[in-house]
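Only one structure is covered here, and it is reproduced in the block below.
The values are calculated or read from the model by the stated rules, or taken from the named source; none is laboratory data. Everything numeric here is computed off the predicted structure, so don't read it as measured data. All Cβ positions, glycine included, derive from the backbone under ideal geometry; neighbour counts span all protein chains shown. All accessible areas refer to the heavy atoms of the entire protein, side chains included, with ligands and DNA or RNA removed. Shrake-Rupley method; radii C 1.70, N 1.55, O 1.52, S 1.80 Å.
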Amino acid sequence: MTGRYGLLGKTLSHSLSPRIHQYFGDYSYELIEKTEDELTAFFQDPPVQGMNVTIPYKKTVIPFCTELDETAQRLGSVNTIRFDGKTVRGYNTDYFGFAYLLEQADIAVAGKKVVVLGSGGASATVCGVLRDNGARTVVVISRSGEDNYNNLERHRDADVVVNTTPVGMYPETAAAPVSLDCFPCCEAVVDVVYNPLRTRLLLDAGRRGIKTANGLSMLVAQGYRAAEIFLGQPLDKGLIEKATRELEQSFRNIVLVGMPGCGKSTQAILLAEALGRQAVDSDAVVEQRAGKPIPQIFAEQGEAAFRKQEAAVVQELGKRSGLIIATGGGAILTAENRDALRQNAVVVFLEKELEDLATDGRPLSRDMAALQAMYEKRLPLYRKVADVTVAVQHSPQETCRLIQEALER
């Protein structure tokens, strides 16, 4: 079925919704940016047959609806609308999306105490799902009110934490809404943010061995349910998993880490050719911005100055999507850099025998004893940051093949 649909919001330039809806039907899907003052005129003569609604209008659109489904009415939040002549039907498909996320992530909330960060429209929907799924206690944390960010110690016994705020969302990816030190009993963390795929909150949870889930599957699942409403027919539920998997793969960077001279730059180029992506070398970016080669930076300014320039580049590249990123050998030395590289990526450690490393033009690799000490210091960090480890082969093409096989697994 064809038709014209879209997404209503205020600022939509980074929305994934048009890409998501390509999986669900043969219809056009456009971004509809409107100010609040423009909404009345828009609803008088809507140019679409239906639409999704995003922040800040999930509550604002309710007075324009002539009918609400039970979930939208109960939660006071509308994120999907269908126009049928003069009838404007409002739905809440975010409910379906968050319920799907919990199911796919295998996060059980029955009998659990759940802390929900944020009190906006997404929070109301999340709380509805949690209560309907048997959560023992649901506590909403807001900036003011009885439960707020200044008295989190009240809820140290929380089993699950759900972030519904935009804190940590691109481009402010270094921020986190809370420290998980506040929740020593926590066993699962959900962040409805999906860009980056691993927010600082989720990275912190992962380091503690806590189960995590981001908001991408929720976004896709609510779009799937909206498409069923638009088209007036059921769709194959397997499309949700397919769309989520393919979007996540296209969204992720592939980051190559390893000792200087292990072949990261070469593999980045080969992988970019094989996968149709852009390759970026963080050392090359540093040199371009400094206007001089790295050995000269070391000689004139010292290692500390180089590391500062490297960190700025690494943290900038880590925010981007779909790249093949070759890093400098020491890029993983700081926790900030490791988090920046991991937030949107699969990290591949290229492991190579010390005596086989290329050392020409590498200021820190000229002395074998120093190189051995460097390797012993860095090896635990490479293994810590990596999602995948690949042994470097004598043939670059064979190494590239092994990397691709590991990524597929």
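Of note:
- Qualifying lysines (Cα of each under 23 Å from Cα of Lys264; at least 8 residues distant if same chain): Lys292, Lys308, Lys319, Lys352, Lys377, Lys384
- Surrounding net charge for Ala122, when Lys and Arg each add one and Asp and Glu each subtract one, Cβ distance under 13 Å: 0
- Apportionment of accessible area to carbon and sulfur, segment 369-409, percent (1.4 Å): 51 percent
- Legend: calculated FRET efficiency, Arg207 to Ala358, from the Cβ-Cβ distance at R0 = 22 Å, rounded to 0.05, equals 0.10.
- With all pairs of different C-alpha atoms in the average, the Kirkwood value for the hydrodynamic radius of segment 116-268 is 17.5 Å.
- The chain, relative contact order [Cα under 8 Å, separation at least 6], %: 12 percent
- Per-residue ellipticity at 222 nm computed for the chain from its helices equals -12000 deg cm²/dmol, with DSSP H segments shorter than 4 residues left out and the rest contributing -39,500 (n - 2.57).
- The relative contact order of segment 190-240 comes to 33 percent, based on Cα pairs under 8 Å that sit 6 or more residues apart.
- Projecting the Cα atoms of Cys185, Gly97, Gly223 onto the charge dipole of the chain (Cβ charges, centred on the Cα centre) puts Cys185 farthest toward the positive pole.
- Whole-angstrom gap from segment 245-288 to segment 81-105, using each part's C-alpha centre: 38 Å
- For Rg and Dmax of the Cα atoms in Å, computed directly from the structure shown, the correct entry in (1) 23.2, 77; (2) 24.1, 79; (3) 38.5, 119 is (2).
- Largest first, the residues Met368, Met374 sort by 1.4 Å accessible area into Met368, Met374.
- With all protein chains modelled, accessible area of Arg320 [1.4 Å, Å²]: 100 Å²
- Cα gyration tensor, segment 329-409 - rounded (a/c under 1.5), prolate or oblate: oblate
- Per the Debye formula on identical point scatterers at the alpha carbon atoms of segment 222-290, with no solvent, log10 I(q)/I(0) at q = 0.21 Å⁻¹ is -0.93.
- Inter-label distance, Thr11 to Ala373: 4.9 nm, where each label sits 7 Å from its Cα along the C-beta direction.
- Simple spin-label estimate for Ile269 and Arg156 in nanometres, 7 Å along Cα-Cβ: 5.7 nm
- Near-label residues of segment 236-264 by backbone N, under 17 Å of a point 7 Å along Cα→Cβ of Ala406: 253-264
- Its relative contact order, with pairs defined as Cα atoms under 8 Å and 6+ residues apart, puts segment 283-367 at 26 percent.
- Computed from backbone phi, the HN-Hα couplings of segment 110-115 come to 4, x, 9, 8, 10, 9 Hz, rounded to whole numbers (Karplus: 6.51 cos²θ - 1.76 cosθ + 1.60, θ = phi - 60°; Gly and Pro given as x).
- Set of segment 280-321 residues, backbone N closer than 13 Å to the point 7 Å along the Cα-Cβ line of Arg19: 320-321
- Built from the Cα atoms of segment 112-192, the convex hull projects on average onto 5.2 nm², one quarter of its surface area.
- Here segment 39-114 exposes an accessible surface that is 50 percent carbon and sulfur, computed with a 1.4 Å probe and the other protein chains kept in place.
- Exposure ranking of Phe43, Phe98, Phe64 by accessible area [1.4 Å probe, largest first]: Phe64, Phe43, Phe98
- Modelled spin-label separation between Glu187 and Ala299, with each label point placed 7 Å from Cα along the Cα-to-Cβ direction: 6.0 nm.
- Between Ala175 and Arg4, the contour length at 0.36 nm per residue exceeds the Cα-Cα span by 57.8 nm.
- Take the convex hull of the alpha carbons in segment 235-369; its mean projected area over all directions comes to 9.7 nm².
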